[in-house]
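Chemist: For reference, the structure I am asking about is given below.
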Amino acid sequence: MRKKTLIITLMLLTTLLSVYVISVSLSTDVKKIAGGSVEVKKYNIKISRINDRVWGNFLLIVDVDIVVDVSGNYNIKLTVWNDGDSRTISQTLYLNVGTNRVSFIVYLREGDVGFSHSVEVSPA
Amino acid sequence: MSKPLKHPSFFYNLKLILLITFISILIISYSSYSVNLFLNSQNIVRGGLAEYVYDSGDERVRSTQLLFSGDAVTGVTVTCSKPIGATGYYIVSVRFSNGLESVSKSITVYQGRGSSFTVTIYFDRPINYYPSPKLEAEVYRV
């Protein structure tokens with residue numbers, strides 16, 4: 001019977017300790033938010049236009065229009081590919097609220113398959 | 001000599017206490033987890049990745065511009081290149097997908113001499129740009 005009581009007491013103590021630790025952690029998080037030390041930002045990014053500038057059989061420049069609603073530095077990564085080759089170019093730029101035109105020098109030969117573009121934008 | 005038995009209500013109460021304690025732990029853990037998630041997602045980025053696919057052939061799509069009404073895409077302006085002397089009818093097709101649903105539309109236009117032309121295609125219904133925008137555009141001569 002003593003053994004049982006001991007086990008139950010240990011279980012209760014462990015439980016109480018866990019509750020205490022979790023509560024302290026939760027309280028710290030709440031304080032961070034209430035104290036304004038945590039800034040929550042929502043970025044709505046739109047890629048509104050992709051323009052391929054071609055010279056002869058080569059894609060030279062890709063213009064990308066990026067619409068952002070929070071100004072700041074952004075990492076922009078463009079990947080262009082066709083059936084034969086691909087290019088990935090990254091830039092970090094300051095974008096203003098509204099539409100921003102960003103150009104990438106690509107230099108990629110045209111193939112039998114058209115160009116596919118992938119644009120990745122993230123706050124720097 | 002047999003041991004004296006405990007009153008059943010003692011065990012019943014103990015079980016109840018343990019149950020309540022564990023439920024409390026679950027609730028508090030969940031709250032803590034939610035707050036942590038909230039803190040970790042302090043930079044919420046929507047539309048960070050977009051894909052544009054253009055077709056191949058003698059006539060090619062060179063530029064596309066999405067037309068917006070707020071966060072909804074209502075249409076696309078497409079600029080195509082073609083051989084200068086190739087006059088005739090061209091079909092321009094676009095398909096926009098946001099990862100959850102998609103819309104597509106195509107139009108037929110007549111083109112005379114010239115190396116490029118631009119058309120604007122409006123979708124039958126607006127479609128939300130988010131969460132995973134992807135535009136496919138193609139042009140071919142009829």
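Chemist: (1) more than 8 Å from every other protein chain (Cβ to nearest Cβ); (2) modelled with pLDDT under 90; (3) on the phi < 0 side of the Ramachandran plot: which one isn't true of A:LYS32, the others all being true?
Modeler: Here A:LYS32 clears every test but (1).
Chemist: Which of the residues belonging to the stretch A:86-100 are open to solvent by 70 Å² or more (accessible area, probe 1.4 Å) and either over 21 Å from B:VAL45 (Cα atoms) or free of Cβ contacts under 8 Å to residues at least 40 places away in the same chain (or both)?
Modeler: Those that are open to solvent by 70 Å² or more (accessible area, probe 1.4 Å) and either over 21 Å from B:VAL45 (Cα atoms) or free of Cβ contacts under 8 Å to residues at least 40 places away in the same chain (or both): A:ARG87, A:THR88, A:SER90, A:THR92, A:TYR94, A:ASN96, A:VAL97.
Chemist: Just to be sure I understand, how many residues within the stretch A:51-75 are under 20 Å from the mean Cα position of the chain (by Cα), outside any loop (DSSP other than H, G, I, E, B) and facing chain B (nearest Cβ under 10 Å)?
Modeler: Residues meeting the conditions: 7.
Chemist: So A:THR92 clears everything in (1) of a type outside the set (Gly, Ala, Ser); (2) touching a Lys or Arg at 6+ places or on another chain (Cβ under 8 Å); (3) part of a strand (DSSP E or B) except one condition, right? Which one?
Modeler: Failing condition for A:THR92: (2).
Chemist: On the basis of being modelled with pLDDT under 95 and over 21 Å from A:GLY111 (Cα atoms), does B:GLY75 make the cut?
Modeler: Numbers: modelled with pLDDT under 95: no; over 21 Å from A:GLY111 (Cα atoms): yes.
Answer is no for this residue.
Chemist: For the stretch B:31-141, please list each of the strands (runs of 3 or more DSSP E) lying entirely inside it that holds at least 1 residues being in contact with a Gly (Cβ under 9 Å, 6 or more places away or on another chain).
Modeler: Numbers: elements: B:43-46, B:49-54, B:60-69, B:72-81, B:88-97, B:102-111, B:116-128, B:134-141.
Because the criterion is at least 1 residues that are in contact with a Gly (Cβ under 9 Å, 6 or more places away or on another chain), the strands (runs of 3 or more DSSP E) in the stretch B:31-141 that meet it are B:49-54, B:60-69, B:88-97, B:102-111, B:116-128, B:134-141.
Chemist: Looking at B:GLY75, is it more than 18 Å from A:PHE115 (Cα to Cα), within 14 Å of chain A (Cβ to nearest Cβ) and touching a Ser or Thr at 6+ places or on another chain (Cβ under 8 Å)?
Modeler: Values: more than 18 Å from A:PHE115 (Cα to Cα): yes; within 14 Å of chain A (Cβ to nearest Cβ): yes; touching a Ser or Thr at 6+ places or on another chain (Cβ under 8 Å): yes.
Spelling it out, B:GLY75 is indeed more than 18 Å from A:PHE115 (Cα to Cα), within 14 Å of chain A (Cβ to nearest Cβ) and touching a Ser or Thr at 6+ places or on another chain (Cβ under 8 Å).
Chemist: Return the pairs, sorted by first residue and then second, in which the second residue is open to solvent by 40 Å² or more (accessible area, probe 1.4 Å) and of a type in the set (Phe, Trp, Tyr), the first residue lies in the stretch B:79-105 and is in contact (Cβ under 8 Å) with a residue 24 or more places away in the chain and within 20 Å of B:SER56 (Cβ to Cβ), the beta carbons are less than 6 Å apart, and the residues are 6+ apart or on different chains.
Modeler: B:TYR89/B:TYR110; B:ILE91/B:TYR140
The values are calculated or read from the model by the stated rules, or taken from the named source; none is laboratory data. Predicted model, so just to flag it, every value in this text is computed and none were measured. When we count neighbours, we look across all protein chains shown, and the Cβ atoms used for this are built from the backbone with ideal geometry, even at glycine. Remember, those area values only see protein heavy atoms, side chains included, never the ligands or the DNA or RNA. Shrake-Rupley method; radii C 1.70, N 1.55, O 1.52, S 1.80 Å.
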